[in-house]
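Laboratory data are not the source of any read-out in this text; all were calculated from the coordinates shown. Everything quoted here is computed from the prediction, not taken from an experiment. Counting neighbours? That spans all protein chains shown, and the Cβs are built from the backbone with ideal geometry, glycine included.
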Amino acid sequence: MLTVGIALLIASVWCTFRVAVAGPVLIVAAALLRLASDFLLRMEPEVWVELERLAAQELRSTNGQVEYLLREGLSRRGRAPARRKREDR
């Protein structure tokens with residue numbers, strides 16, 4: 001329970017200093033609890049457009065599509081990380 005409190009505190013401070021909040025604080029707190037990593041990814045605009053189009057066709061968010069394609073590439077090379085159980089997410 002202490003972890004949830006700390007995550008909510010960090011999320012509220014983070015949202016206070018962030019100019020544009022992409023979603024509610026609870027989503028940010030959930031991301032912190034999952035220990036997900038945020039990072040910037042540079043790509044050509046044409047690649048981004050195709051990535052968005054592919055995500056829409058497969059009924060995923062663009063972020064979900066990026067993660068799916070990265071996991072697919074890793075598994076093809078025999079380096080896929082173990083999937084977490086649904087309740088751990």
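Tell me, which residue of the range 43-72 that is part of a helix (DSSP H, G or I) and small (Gly, Ala, Ser) is farthest from Arg83 (Cα to Cα)?
Filtering first and then ranking leaves Ala56.
Return the total of residues in the range 47-66 being closer than 17 Å to Ala36 by Cα and surrounded by 13 or more Cβ atoms within 10 Å (Cβ to Cβ).
Total meeting the criteria: 3.
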